[in-house]
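Visitor: First, the structure itself, so that you have it in front of you.
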Amino acid sequence: MGFMQGRKALIVGLATDRSIAWGIARAMRREGAELAFTYQNDRIKDRVTQLAGQVDSSVVMPMDVSIDAEIDAAFAGIREAWGGLDVIVHAVAFAPREALTGGFVEATTRENFRVAHDVSSYSLTALARAGLPLMEGRSGALLTLSYLGAVRSVPAYNVMGLAKASLEANVRFLAADLGPKGIRVNAISAGPIKTLAAAGIPGFRKMLHHVEKAAPLRRSVSTDDVGNAAAFLCSDLAAGVTGEVMYVDGGYSQVGMSFDDAD
Ligand code: 0WE
């Protein structure tokens, strides 16, 4: 029997079969969880519905995390389908494209800052607020995805780094507030992965190659690596863990200097 048998999980942020959310969905399904999904807009509705079918899910609803009415409608759908909820996976981030190119000062307008923080950090609080009534009294778990740019400067990551720093603080404040209600809140800080969100970021391949040479494990991480850690954190195996940011990055974040084996 899988370690998520009988758990009901809502996955927010699935876009393609390369999404981190897809690695998480497959790992949780393998461990016995029942899954529901949201999609951001009609352009990706059919693809998300088809992927949901591959993990035996037909609970698929629209939700743009920047619109409260859509969040409320999606949780009403969960209440109708399941009556309760154990796990919410938040795998959503966005900054306007021009915010992620060039220098930080030049790229960071007030509007880019607002959008990045709203979509990438506040949305976790919004999901917690809307999901709480369905999760209370069931030993639930919230999980979000962060990146090293929250705590170190990374070229061109720019205002997304500030938004991820806010997201990691969000995890700690939510953990403190929801812990007494039996809900754990954690983040995974994943190493770079070639997802749809990463495609089209100039120099992304160079970043992957750098990580593959410098990380202790001498490889980049996969969505399966992240999915397995996510399933663990959202299961009772991690019953004592909350407010944590767990690095799933091949160890990259833990070295201060590293030489390629060839050097
Ligand atoms: O968090 C991210 C990327 C999230 C992201 C991606 C995009 C691309 C398309 C947020 N907003 C947008 N907006 C778009 O218009 N990562 C951890 C991946 C990533 O993105 C980078 C990175 C890494 C790593 C951007 C610059 C530098 C490094």
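Visitor: If only Cα atoms are counted, what is the Rg of the chain, and what is its Dmax, in Å?
Guide: 17.8, 59
Visitor: If you don't mind, there's one more thing I want to ask. When the Kirkwood radius is taken over all Cα pairs of segment 1-100, what Stokes-Einstein diffusion coefficient follows at 20 °C and 1.002 mPa s, in µm²/s?
Guide: 155
Visitor: How much FRET efficiency would the formula 1/(1 + (r/R0)^6) give for HIS210 and TRP82, where r is the Cβ-Cβ distance and R0 is 45 Å, rounded to 0.05?
Guide: My answer for the efficiency is 0.55.
Visitor: Still on this structure, I have one more. With helices defined as uninterrupted DSSP H runs, which ones in the chain have an alpha carbon span along their own long axis of at least 24 Å and mean Kyte-Doolittle hydropathy of at least 0.0?
Guide: 159-178
Visitor: Could you list the residues of segment 108-146 with an amide nitrogen less than 17 Å from a label point located 7 Å from the Cα of SER153 in the Cα-to-C-beta direction?
Guide: Within reach of a label on SER153, which here means backbone N under 17 Å from a point 7 Å along Cα→Cβ, segment 108-146 contributes 108-109.
Visitor: State the extension gain, in nm to one decimal, for the chain segment bounded by ARG114 and THR16, taking 0.36 nm per residue of separation less the distance between their alpha-carbons.
Guide: Contour length minus Cα-Cα distance gives 32.7 nm.
Visitor: Within segment 38-57, name every residue whose backbone N is under 13 Å away from a label modeled 7 Å from Cα of LEU196 along the Cβ vector.
Guide: The answer is 38-52.
Visitor: Please state, to two decimals, what the Cα-based radius of gyration of segment 137-263 comes to when divided by 2.2 N^0.38 Å (N = residues).
Guide: Dividing the Cα radius of gyration by 2.2 N^0.38 Å gives 1.14.
Visitor: Only Cα pairs under 8 Å and at least 6 apart count here; give the relative contact order of the chain as a rounded whole percent.
Guide: Taking the mean separation of contacting Cα pairs over the length of the chain, I get 20 percent.
Visitor: Would you give the gap between the C-alpha center of segment 6-50 and the C-alpha center of segment 221-263, rounded to a whole Å?
Guide: One Cα centre to the other: 21 Å.
Visitor: Could you work out the local net charge near TYR39, counting Lys and Arg as +1, Asp and Glu as -1, over the other residues with Cβ closer than 12 Å to its Cβ?
Guide: Residues close to TYR39 contribute a combined charge of -1.
Visitor: Relative contact order of segment 171-225: what whole-number percent is it, with Cα pairs under 8 angstrom and at least 6 residues apart?
Guide: 28
Visitor: Let me ask something additional. Bin width 5 Å, origin at 0, all Cα-Cα pairs of segment 59-201: what percent of pairs per bin?
Guide: With 5 Å bins starting at 0, P(r) equals 2, 10, 18, 21, 19, 14, 9, 5, 2, 0.
Visitor: While we're looking at this one, here's another question. When only alpha-carbon atoms count, how far does segment 111-154 stretch along each of its three principal axes, as whole angstroms with the largest first?
Guide: 40, 23, 9
Visitor: Continuing with the same structure: Separation between the GLN5 and ARG172 pseudo-spin-labels, each 7 Å from Cα along Cα→Cβ, expressed in nm?
Guide: Placing both labels 7 Å along Cα→Cβ, they lie 3.8 nm apart.
Visitor: Mean separation of Cα pairs under 8 Å and 6+ residues apart, divided by the residue count of segment 163-263: what relative contact order is that in percent?
Guide: It rounds to 38 percent for segment 163-263.
Visitor: Taking a spot 7 Å from the Cα of GLU136 along the direction of its beta carbon, which residues of segment 176-204 have an amide N less than 14 Å from it?
Guide: Under cut-off, by backbone N: 178-183.
Coordinate-derived values only; no laboratory data. Here the structure is a predicted model, which means the values were calculated and not measured. When we count neighbours, we look across all protein chains shown, and the Cβ atoms used for this are built from the backbone with ideal geometry, even at glycine.
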